[in-house]
1. How many residues, within region 39-96, are within 20 Å of residue 10 (Cβ to Cβ) and either among the acidic types (Asp, Glu) or modelled with pLDDT under 90 (or both)?
2. Does region 10-26 include one or more residues that are surrounded by 14 or more Cβ atoms within 10 Å (Cβ to Cβ), touching a Lys or Arg at 6+ places or on another chain (Cβ under 9 Å) and not charged (D, E, K, R)?
3. Could you say which residue among 75, 34 is in contact with a helix residue (DSSP H, G or I) (Cβ under 6 Å, 6 or more places away or on another chain) and more than 17 Å from residue 7 (Cβ to Cβ)?
4. Could you identify the single residue in 49, 9, 26, 53 that is closer than 17 Å to residue 78 by Cα, out of contact with any Pro (no Cβ under 7 Å at 6 or more places or on another chain) and charged (D, E, K, R)?
5. Condition test on residue 2, is it assigned to a helix (DSSP H, G or I) and β-branched (Val, Ile, Thr)?
6. Which pairs turn up if I take residues in region 71-99 that are within 14 Å of residue 24 (Cβ to Cβ) and free of Cβ contacts under 8 Å to residues at least 60 places away in the same chain and look for partners that are hydrophobic (A, V, I, L, M, F, W, C) and outside any helix (DSSP H, G or I) with beta carbon separation below 8 Å, at least 6 apart in sequence or on another chain?
7. Which ones in region 35-87 are surrounded by 14 or more Cβ atoms within 10 Å (Cβ to Cβ) and of a type in the set (A, V, I, L, M)?
Amino acid sequence: MISYSELEKDIADLSQQVAHASNAAKSGQVFSVTDMPKVTDYLCQEISKLDAKERARLSPKLLALIEELDNLTITIQSSLDLVKIEMKETTSHNKAARAYTSANTTGKK
């Protein structure tokens, strides 16, 4: 079983990773959140092994981490929505360009 202080450090580390990912997403940079679900599951399993007093002491940190993860989810979803819009606009522009090009070439002979 992991100690309280190690869990506290792991929560702080995950919080920093979430903050980095959020900043990267907001600035349009590429980032990876692949390990976050595994780390979160691990923390939850280990926290459940603590006694009630130690779990209660970690409660504020966990609530803050949950909020940070929720905000990251919102940020990622917003970024994905923007990408979808840009893809649709690009597709529309490409279709218009092809139509214009083909209209100009079919009339010239």
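The values are calculated or read from the model by the stated rules, or taken from the named source; none is laboratory data. In this text, all values refer to a predicted model and were calculated from it rather than measured experimentally. Cβ coordinates were reconstructed from backbone atoms using ideal geometry, including for glycine residues, and neighbour counts include every protein chain displayed.
1. 7
2. Within region 10-26, one or more residues are surrounded by 14 or more Cβ atoms within 10 Å (Cβ to Cβ), touching a Lys or Arg at 6+ places or on another chain (Cβ under 9 Å) and not charged (D, E, K, R).
3. That would be 75, the only listed residue that is in contact with a helix residue (DSSP H, G or I) (Cβ under 6 Å, 6 or more places away or on another chain) and more than 17 Å from residue 7 (Cβ to Cβ).
4. It is 26.
5. The answer is no for residue 2.
6. The qualifying pairs are 72/33; 76/33.
7. If the condition is that a residue be surrounded by 14 or more Cβ atoms within 10 Å (Cβ to Cβ) and of a type in the set (A, V, I, L, M), then 36, 39, 43, 47, 50, 58, 62, 65, 69, 72, 76 are the ones that fit.
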